[in-house]
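In what follows, a structure is listed as structure tokens, so that the remarks can point back to it.
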Ligand code: NAD
Ligand code: UDP
């Protein structure tokens, strides 16, 4: 296979790490982003790399890439609840029009197509842990539906291209991922709690803190995506990627307070509408098909993320 890849959402948190992973393996990387929620600073260090090129464009308008590519990764999409509630229509468009544009581009180039989907397709799950065969429990008209339903629609598009055109489509349902290059104002729970603890401002627990999430360090996730994109014979597969290590949000406060000495009090705020009560991936399929499982211990990953926010706020 020719080692060339088009990555949308490349200036985002996960996209920028993905670019690095493919460059490390000597792929030619064409990176697209419109900076809606991403940042130029996430990719500045890659701009001088001989195999890296960046095009600022909105993938809902057109896919600005003249080159032939072997693999397309569609990662463009606001991912933090704060971001997608701020940009509801952009989120729906990038899941629908952006998915059509990128998958048509893949079809034209006969390229493999990797779709970034999400554990949010399971909604507030009635099955725990969540396996890929679970259809989910999503409110189709609630505020989160702009994200959940757009991702469900993009999965449906991808599977239609697989059935209609035998396009080599693979879908990953990504569970909560954290690490360096998240924005301090991102709104997701780990950057929020770390920055609140570092700044000695109140740690904001939504609801009673008994809801759970399972957190995956970004290098582990990126390795799983790289394997999904490069392994043979995975056409039409849908694979959960995440770390099954499950924490309540209250547990997370304690872990962060142990890692950062802080005078921040904990304050309780209203639980956002339709906030899932629990979430944990079943990753047996990723173990079997990708020979992948997370390697980074939660406290080690947190330390790296804390160091990042410390150095970022002092630079
Ligand atoms: P992010 O917001 O940091 O990155 C998304 C990137 O997409 C940004 O750089 C943004 O500018 C870009 N983008 C958005 N709309 C665009 C458009 N129309 N044209 C071009 N670029 C556009 O988010 P992230 O956490 O890096 O998430 C990346 C992908 O992974 C998303 O598809 C998201 O749904 C998925 N995902 C992430 C997580 C997670 O925990 N981080 C969990 C599940 C799924
Ligand atoms: N959360 C919280 N305080 C915050 C941010 C988030 O208690 O400052 C909670 C949120 O209500 C959810 C969990 O942490 O139950 C994870 O939220 P996040 O936005 O990181 O991701 P989600 O899994 O909801 O997409």
Next item on the list: Kindly provide the Kirkwood hydrodynamic radius of the chain in Å, to one decimal, from all pairs of distinct alpha carbon atoms.
Entry: 19.7 Å
Check: Which FRET efficiency, nearest 0.05, do residue 159 and residue 25 yield, Cβ-Cβ r, R0 25 Å?
Finding: 0.35
Notebook entry, point to check: Measuring from label point to label point, each 7 Å out along Cα→Cβ, what is the residue 135 to residue 278 span in nm?
Noted result: 2.2 nm
Checklist line | Protection proxy ranking of 155-168, 273-286 - average other beta-carbon atoms within 10 Å, highest first | finding: 273-286, 155-168
Notebook entry, point to check: How much mean residue ellipticity at 222 nm does the chain get from its helices, if each DSSP H run of length 4 or more adds -39500 (n - 2.57) and you divide by all residues, to the nearest 500 deg cm²/dmol?
Noted result: -12000 deg cm²/dmol
Notebook entry, point to check: residue 57 to residue 307: extension gain in nm, 0.36 nm per residue of separation minus the Cα-Cα distance?
Noted result: 86.8 nm
Note to self: If you fit an axis through the alpha-carbon atoms of helix 298-314 and take the longest principal axis of the Cα set of the chain, what angle between them do you get, 0 to 90°, nearest 10?
What the structure shows: 90 degrees
Next item on the list: Sort 62, 145, 184 so that the residue with the fewest other Cβ atoms within 10 Å of its own Cβ comes first and the one with the most comes last.
Entry: 62, 184, 145
Next item on the list: Calculate how steeply helix 218-230 sits against the longest principal axis of the alpha-carbon atoms of the chain, using the helix alpha-carbon long axis, and give the answer as 0 to 90 degrees to the nearest 10.
Entry: 20 degrees
Note to self: Using Cα springs under 10 Å in a Gaussian network model of the chain, which residue among 294, 140, 180 shows the largest mean-square fluctuation?
What the structure shows: 140
Note to self: What do you get for the angle between helix 88-108 and the principal long axis of the chain? Use alpha-carbon atoms, 0 to 90 degrees, nearest ten.
What the structure shows: 30 degrees
Check: How high is the FRET efficiency from residue 127 to residue 287, r the C-beta distance, R0 25 Å, rounded to 0.05?
Finding: 0.85
Notebook entry, point to check: Taking the mean number of other Cβ atoms within 10 Å as a proxy for protection, how do you rank 109-116, 206-213 from highest to lowest?
Noted result: 109-116, 206-213
Notebook entry, point to check: If you project the alpha carbons of region 139-214 onto the principal axes, what extent comes out on each, in Å, largest first?
Noted result: 55, 30, 20
Check: When the scattering of region 221-305 is computed by the Debye formula from its Cα atoms alone, each counted once and equally, what is log10 I(q)/I(0) at q = 0.20, 0.21 Å⁻¹?
Finding: -1.03, -1.07
Next item on the list: Could you grab the relative contact order for the chain? Cα pairs under 8 Å, six or more apart, rounded to a whole percent.
Entry: 18 percent
Checklist line | Footprinting exposure proxy for 56, 93 (fewest neighbouring C-beta atoms within 10 Å first) | finding: 56, 93
Next item on the list: Could I have the simple spin-label model distance between residue 266 and residue 108, label points 7 Å from Cα toward Cβ, reported in nm to one decimal?
Entry: 5.3 nm
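No lab work stands behind these numbers, since they all come straight from the coordinates. Predicted model only: the values in this text are computed from it and were never measured. Every residue, glycine as well, gets a Cβ built from its backbone with ideal geometry; the counts of neighbours run over all protein chains shown.
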